[in-house]
Every structure is written in structure tokens, then in C-alpha cells.
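The next block holds one structure in the form of C-alpha cells; read it before the comments.
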Amino acid sequence: MTADAATHLFRRPVTFVTGAATVDGIPATRLPEVALIGRSNVGKSSLINALVGRGDVARVSNTPGRTQQLNFFDLGGRLMLVDMPGYGYAEAPRDKKAEWSDLIRFYLKGRPPLRRALVLVDARHGFKDSDQAIMELMDDSAVNYQIVLTKCDKLKPKELEQRLEEMATAAKLHVAAHPALVTTSAASGHGLDQLRTALSELALPE
Ligand SMILES: Nc1nc2c(ncn2[C@@H]2O[C@H](COP(=O)(O)OP(=O)(O)O)[C@@H](O)[C@H]2O)c(=O)[nH]1
Ligand SMILES: [Mg+2]
């Protein structure tokens, strides 16, 4: 897959399919699926918007009430992007938090079309315990995942280099983690083409 083909895929129309707040709401699909997971505010919705080059696509995921759902976006009939509910949000009411975890756990443990999860981590903070926990869950369930550093525009080049090195070392302890970590910024566009190319390799052929 060339970079041009990737650009082409990400220029296709994006449609919001559905939001699943419960296990029963998860749609049946034959499209290969890529899920974006990470702590609240890590930049999941911003990254989806930046990847497709439209500011309004994942706004739907930021609508109050929809942030706690799995939001499914069909990219040109070739790939499904899933904006997952954020975890590690301390202010969430206790029962709600348990509900998200159950939904996330159910989805990650048995979703046949899921080709890859992208684990988004804020480059300023590195891995938190909640990231480690979700990666362990995916190690146990044999879900392939790739680690994506977000908000890299907030770090100086030297700081970013050190963060990347530290996280690559930590990632080696996880059997299901893709060895290549991707650095991105939805704000500057850094790393987006690389990620588009990686994702287009998972999409259905034209
Ligand atoms: N500087 C910077 N801010 C970002 C970036 N991506 C997201 N943000 C900001 O981080 C906040 C949370 O982003 P959002 O996409 O809603 O996070 P989500 O909760 O994971 O969906 C918002 O204020 C965004 O503007 C980025 O690449 N750089
Ligand atoms: Mg969001």
C-alpha cells in the first residue's frame, strides 16, 4: 500500500454508523475494524478528525452522553474506525465507570473484525497504570495493538526522543504490542501520514 493509496482512503466519505452504550448495541459488520482506545482527553476524537481531515467527524463522539459509548465510523465502506470510551477518568460515577470497563472488556475480548487497537498515550505523561491494565487485557486476549503517542507538539524534540525510548522499552514487556510506536500530533499533523499508511494496509481493497 502506497502513501497515495492511504491518502485516497482517508479522503473517502466518513459516516457515523452508531454508538453502542451496551453490549447489545455493538453492530454486526464485515468491515475490518480499528479501535482507538486511551484515557479520557488523550486525544482520540481529535486524532480521528485529523486522520480524515475533517473537524466535525468525531464531534459526535464528544457530544455529552456519547462520550461513554463505542462510536463506529465507516470510512469509505472499507474500514471501520471505533472511538472508544475513555478510561481512567477519576470523576466518573463509580457504577458508570464499571459499565464502561465491562463494555470495553467485552468488546476487546471477542470482536472478530477487530484487526488492531491503537492505544493512545499522551506523550507528556507516558504510560499510566490504566494503560498498562488495558494492554495486559489485550495481551491475554491476543488483540494486536499499536501504541500511538499523542500531543507530541507539546514536547521538545529531545524530550520526545527520551519518552519514546522509555515507552519502547516498556512496550517490549507486552506480547501483543506492535514493536513500532507512532508519534503523532493532531495539532501539527506530525505522524498522520505514517498512521494513515499503516491503517490503509488493514482496510478492504478498493
Ligand atoms: N496540543 C495538542 N492538543 C491536542 C491534541 N490532540 C488533542 N488535543 C486536545 O486535547 C483535548 C482532548 O482531546 P479529545 O480529542 O477530545 O480527547 P478524547 O477524550 O481522547 O477524545 C482537547 O482539548 C484537544 O484540543 C494534539 O495533538 N495537540
Ligand atoms: Mg472523545
Unique match (being surrounded by fewer than 19 Cβ atoms within 10 Å (Cβ to Cβ), modelled with pLDDT under 95 and not charged (D, E, K, R)) among Pro179, Pro157:
Pro179
Tally up the residues in region 156-206 that are in a loop (DSSP other than H, G, I, E, B) and within 15 Å of ligand 1 (Cβ to nearest atom), please.
9
Does Arg11 fit the bill of being touching an Asp or Glu at 6+ places or on another chain (Cβ under 8 Å) and either within 13 Å of Phe72 (Cα to Cα) or touching a residue at least 40 places away in the same chain (Cβ under 8 Å) (or both)?
no
Being farther than 19 Å from Lys44 by Cβ, away from ligand 2 (no atom under 16 Å from the Cβ) and of a type in the set (Ser, Thr, Tyr) is the requirement here; does Thr183 meet it?
no
When (1) more than 16 Å from ligand 2 (Cβ to nearest atom); (2) under 25 Å from Val23 (Cα atoms); (3) surrounded by 13 or more Cβ atoms within 10 Å (Cβ to Cβ) are applied to Pro112, the one that fails is (3)
Can you list residue pairs whose Cβ atoms sit under 7 Å apart, with the first residue in region 100-113 being assigned to a helix (DSSP H, G or I) and the second being of a type in the set (S, T, N, Q) and surrounded by 14 or more Cβ atoms within 10 Å (Cβ to Cβ)? Count only pairs 6 or more apart in sequence or on different chains.
Trp100/Gln68; Leu108/Ser141; Lys109/Ser141
Counted residues in region 119-138 being within 12 Å of Ile104 (Cβ to Cβ) and over 13 Å from the mean Cα position of the chain (by Cα) come to 4
If Arg124 passes every condition in (1) in a loop (DSSP other than H, G, I, E, B); (2) closer than 24 Å to Ala5 by Cα but one, which one does it miss?
(2)
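The values are calculated or read from the model by the stated rules, or taken from the named source; none is laboratory data. Remember, it's a predicted structure, so these values are computed and weren't measured experimentally. Don't worry about glycine lacking a Cβ; one is built from the backbone with ideal geometry, like all the others, and counts go over all protein chains shown.
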